Amino acid sequence: MLILQIAIPTPLRRQFDYLVPRGFDSANLQPGMRVKVPFGRRQTVGIILAIVDYSDVPANKLKPVQAILDTSPVLPTDILELLLWASRYYQHAIGEVMTHGLPALLRQGEPASGKGQTGWRITSVGQDSDPSELKRAARQAALLIQLQQAGSDGLDTASLNLSHSHWRPSMNKLLEKGWVEKFERSPLVQRNTQTLQSPLSLNEAQQNAVDQLRANLGHFQSILLNGVTGSGKTEVYLQLIQTVLDRQQQVMVLVPEIGLTPQLVQRFTQRLACPIAVLHSGLNDTERLNAWLAASRGEAGVVIGTRSALFTPLKNPGLFILDEEHDLSFKQQDGFRYNARDLAIVRAQKSQVPIVLGTATPSLESLHNVERKRSLMLSLPQRAGEANPPTFRLLDIRSQKLEHGLGQQLLTGVQTCLERGQQALLFLNRRGFAPVIMCHDCSWHARCLRCDAHMTAHQGINRLRCHHCGSERPIPKTCPDCESENLSLVGAGTERVEEVLQQRFPDYKVLRIDRDSTRRKGSMQAMLDEIHQGKPMILLGTQMLAKGHHFPNVTLVGLLDADYGLFSADFRATERMGQLILQVAGRSGRAELPGEVLIQTHQPENPLLHLLMRHDYPSFSKALMEERKESELPPFTHLALLRAEAPAPQIALQFLQEAKALFDQTPMNDLFLFGPVPAPMERRAGRYRAQLLIQHSHRHALQQWLSVQIAKVETMKSARKVRWSIDVDPMEMY
């Protein structure tokens with residue numbers, strides 16, 4: 001009797017045994033195939049993990065699988081092993097981990113076959129037609145030329161959207177003439193049908209990096225590409241990728257946020273002749289499945305995606321690239337709390353191919369790996385081309401009159417920049433109009449009814465919004481406590497600063513880029529296109545503007561508040577502050593024009609700020625590393641955070657106290673337990689949260705201890721009264 005061990009999408013940390021369905025040839029079964037099974041009162045889709053001839057469950061209680069959904073594994077062996085490894089390391093339920101390896105449609109039981117798209121290709125009549133005959137129809141002529149170049153491959157909607165706007169009426173005219181025909185083409189992959197751009201010339205450091213990276217192809221090596229902002233890391237990627245493609249292998253490129261994907265795809269399609277698959281949360285389910293299948297079948301030479309794209313199968317992997325490796329967005333903060341940066345290294349190691357971690361501001365963990373010889377570091381110490389590093393100035397705003405966060409020196413700098421016909425970028429990592437609304441008469445504050453947080457005023461929609469749980473309500477006209485109309489909006493967010501700038505500079509465009517202004521699909525790309533036109537304007541935004549963007553006409557960068565990371569309770573805050581300052585500063589002076597960075601601060605004597613002013617991130621990171629070592633904090637020790645939340649605070653704390661008592665029964669050297677304590681933001685979305693911090697000096701020993709103890713926690717009666725999770729290598733402590 002053969003038993004199928006199946007991963008079911010459930011929070012239970014175990015696999016489930018089922019019988020092979022009657023009449024099915026078990027020789028056709030393989031791990032990684034999907035099955036439909038009865039589970040409780042419902043049916044669900046699971047993944048075969050193993051096929052064995054034994055079970056701890058009595059034979060008369062085993063249920064048969066209802067249907068085998070695949071004829072071959074949808075999860076190949078390497079992805080299956082990666083997900084199993086991740087489940088063990090992050091101490092997460094195997095069934096929920098497996099769902100991260102599949103697109104939504106495959107999780108729902110849909111066939112593992114792509115859904116075709118309408119394509120357009122040239123007919124024999126169209127191939128012989130002369131585009132010059134269409135003098136009065138320029139769009140038709142442009143389409144005809146492009147389709148003639150594409151030949152029998154034709155073009156799909158995605159390719160046409162990249163190169164034309166409002167192209168459908170012109171395409172219909174060509175259809176009527178019989179010069180073009182519609183056809184059903186294979187699933188979505190983006191391919192350039194225009195003339196490819198030539199590689200750029202490399203400076204000595206870039207060439208050295210490309211040569212050393214090429215020398216490491218064919219075997220595993222973790223490589224930290226540490227290049228200052230504007231040093232040409234993308235050009236290094238492109239020339240290395242072309243080498244991998246010439247070897248008939250595939251490349252996966254991971255970026256931290258969706259906002260960086262369009263410009264990267266455009267840059268890659270201009271240079272690479274291969275199909276490119278794109279994977280991120282902005283795609284619909286069909287687009288995501290098509291791209292996933294194109295990658296797994298080897299049809300796409302390059303896969304570009306955000307965090308979750310890491311689990312996409314590759315038929316013949318040759319290289320992994322993770323851009324902006326320091327970015328917090330690579331860490332999943334809820335559910336299956338994995339770190340895509342660390343898992344990408346594991347995947348590259350299992351595939352025996354190199355991985356490149358690119359950044360201008362390396363994380364302390366990556367620098368620690370370089371020190372321990374686990375990673376090789378290549379440096380790009382200077383900007384590419386004619387660009388020079390920007391100059392820095394600290395603006396002491398103590399005792400200065402600020403106009404909603406804007407000092408006079410900064411405003412003067414913006415005025416000078418605009419008068420030169422250039423662009424200024426102002427950074428404020430706080431969206432909305434005002435972070436606090438209060439009553440001037442009785443000191444009432446508008447607080448979230450579900451969180452321990454203030455509501456942020458969004459004047460454009462006349463709403464108060466909680467940025468933690470998303471709850472909203474109208475901005476009150478009178479104080480709900482004393483009925484006074486004397487309500488004040490305290491502090492400034494991007495909306496308020498935008499209003500001030502529009503009043504101060506009425507002759508120039510102020511473009512606000514934050515999560516609120518880019519909610520609509522395509523709005524971010526439209527704004528980026530407007531910026532690249534080069535007209536003098538003011539760009540105002542949050543950290544969405546800080547990463548990876550290339551704005552040639554931005555010559556002034558202003559940081560409205562640089563002090564937020566100097567006195568935070570989070571031990572990582574100073575590191576992130578330094579990274580963010582240098583990343584934002586890197587948007588300035590990236591072309592031939594010189595750049596300037598103005599930093600408003602109440603701490604002008606702070607030595608860490610002065611290190612950043614000198615572009616001395618190595619000394620900045622070294623100072624932080626010494627602090628971490630003395631304090632016995634990561635990367636010199638290893639952490640896990642046991643979290644709990646419940647409708648009442650005492651329930652969450654009681655669960656963690658019982659868990660700690662359980663842990664104390666099996667003491668271990670160098671293991672420390674801190675807490676339990678309420679979370680820094682105790683109440684969020686109507687539930688009370690608490691946490692227990694676990695620390696050990698050795699990663700492997702901590703893993704062994706956790707695997708035993710978390711299994712015990714799962715059996716505790718109090719565990720059924722709370723939502724609890726374990727966060728291995730936490731990046732945020734609240």
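The values are calculated or read from the model by the stated rules, or taken from the named source; none is laboratory data. Because the structure is a prediction, the values reported are computed rather than measured. Neighbour counts are summed over all protein chains in view; Cβ atoms, including those assigned to glycine, are modelled from backbone coordinates with ideal geometry.
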Residue check, Leu367 assigned to a strand (DSSP E or B), assigned by TED's automatic domain parsing to the domain that holds Ala215 and in contact with a helix residue (DSSP H, G or I) (Cβ under 9 Å, 6 or more places away or on another chain):
no
Looking only at the stretch 107-129, and only at residues there that are modelled with pLDDT of 85 or more and assigned to a loop (DSSP other than H, G, I, E, B), the one that is farthest from Val97 (Cα to Cα)
Ser129
Checking Ala300 against (1) over 30 Å from Gln543 (Cα atoms); (2) modelled with pLDDT of 95 or more, only one condition comes out false. Which one?
(2)
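Filter the stretch 546-567 for residues that are assigned to a loop (DSSP other than H, G, I, E, B) and more than 24 Å from the chain's Cα centre (by Cα) and give the result.
Here is the first cut: in the stretch 546-567, the residues assigned to a loop (DSSP other than H, G, I, E, B) are 546-553, 560-567.
Correct list: Pro552, Asn553, Leu560, Asp561, Asp563, Leu566, Phe567.
In the stretch 195-213, what count of residues is obtained for those that are within 27 Å of the chain's Cα centre (by Cα) and under 12 Å from Pro354 (Cα atoms)?
Within the stretch 195-213, the subset within 27 Å of the chain's Cα centre (by Cα) is 206, 209-210, 213.
From the residues that got through so far, the ones that are under 12 Å from Pro354 (Cα atoms) too are 213.
Qualifying residue count, the stretch 195-213: 1.
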Would you tally the residues in the stretch 721-734 being under 30 Å from Ser568 (Cβ atoms) and outside any loop (DSSP other than H, G, I, E, B)?
6
Report, by residue number, each residue of the stretch 680-720 that is under 21 Å from Leu12 (Cβ atoms) and outside any helix (DSSP H, G or I).
Met716
Strands (runs of 3 or more DSSP E) completely within the stretch 11-89 that count 2 or more residues being within 29 Å of Val728 (Cα to Cα)
16-19, 42-52
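Do we have Thr234 as assigned by TED's automatic domain parsing to the domain that holds Asp327, polar (S, T, N, Q), under 21 Å from the mean Cα position of the chain (by Cα) and under 23 Å from Asn216 (Cβ atoms) here?
Here the answer is yes, as Thr234 does meet what is asked.
Determine which member of the set Thr518, Thr574 is under 23 Å from Gln459 (Cα atoms), in contact with a Gly (Cβ under 9 Å, 6 or more places away or on another chain) and assigned by TED's automatic domain parsing to the domain that holds Leu395. Break it down into steps so the answer makes sense when it comes.
Working: Thr574 fails: under 23 Å from Gln459 (Cα atoms).
Result of the check over Thr518, Thr574: Thr518.
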Look through Gln400, Gln423 and report the one residue that is at pLDDT below 90, among the polar types (S, T, N, Q) and under 25 Å from Ala562 (Cβ atoms).
Gln400
Can you pull out the residues in the stretch 542-554 that are at pLDDT 85 or above and buried (at least 23 other Cβ atoms within 10 Å of the Cβ)?
Val554
Report yes if Ile513 is at pLDDT 80 or above and buried (at least 21 other Cβ atoms within 10 Å of the Cβ), otherwise no.
yes
Which ones in the stretch 421-441 are surrounded by 14 or more Cβ atoms within 10 Å (Cβ to Cβ) and either without any contact (Cβ under 8 Å) to a residue 12 or more places away in the chain or part of a loop (DSSP other than H, G, I, E, B) (or both)?
Gln422, Leu428, Asn429, Arg430, Arg431, Gly432, Phe433, Pro435, Asp441
Which count do you get for residues in the stretch 14-57 that are closer than 24 Å to Phe311 by Cβ and either surrounded by fewer than 18 Cβ atoms within 10 Å (Cβ to Cβ) or β-branched (Val, Ile, Thr) (or both)?
11
If the Cβ limit is 6 Å and pairs must be 6+ apart or interchain, which residue in the stretch 583-603 that is over 11 Å from Asn553 (Cβ atoms) pairs with which residue that is modelled with pLDDT of 85 or more and among the polar types (S, T, N, Q)?
Glu596/Thr391
Only one of (1) over 30 Å from Pro607 (Cβ atoms); (2) crowded, with 18+ Cβ neighbours inside 10 Å; (3) at pLDDT 95 or above; (4) out of contact with any Ser or Thr (no Cβ under 9 Å at 6 or more places or on another chain) does not apply to Phe320, and that is (4)
How many of the residues in the stretch 568-600 are of a type in the set (Asp, Glu), within 16 Å of Ala387 (Cα to Cα) and assigned to a loop (DSSP other than H, G, I, E, B)?
1
Could you count how many residues in the stretch 610-649 are in contact with a Phe, Trp or Tyr (Cβ under 9 Å, 6 or more places away or on another chain) and under 30 Å from Gln423 (Cβ atoms)?
5
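Please return the ranges of strands (runs of 3 or more DSSP E) entirely within the stretch 448-505 where 2 or more residues are surrounded by fewer than 16 Cβ atoms within 10 Å (Cβ to Cβ). Reasoning before the result, please.
Values: elements: 456-458, 463-465, 472-474, 487-490.
Of the strands (runs of 3 or more DSSP E) lying wholly inside the stretch 448-505, those with at least 2 residues that are surrounded by fewer than 16 Cβ atoms within 10 Å (Cβ to Cβ) span 472-474, 487-490.
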Matching option when the condition is surrounded by 19 or more Cβ atoms within 10 Å (Cβ to Cβ) and either assigned by TED's automatic domain parsing to the domain that holds Arg572 or hydroxyl-bearing (Ser, Thr, Tyr) (or both), among Thr361, Thr286
Thr361
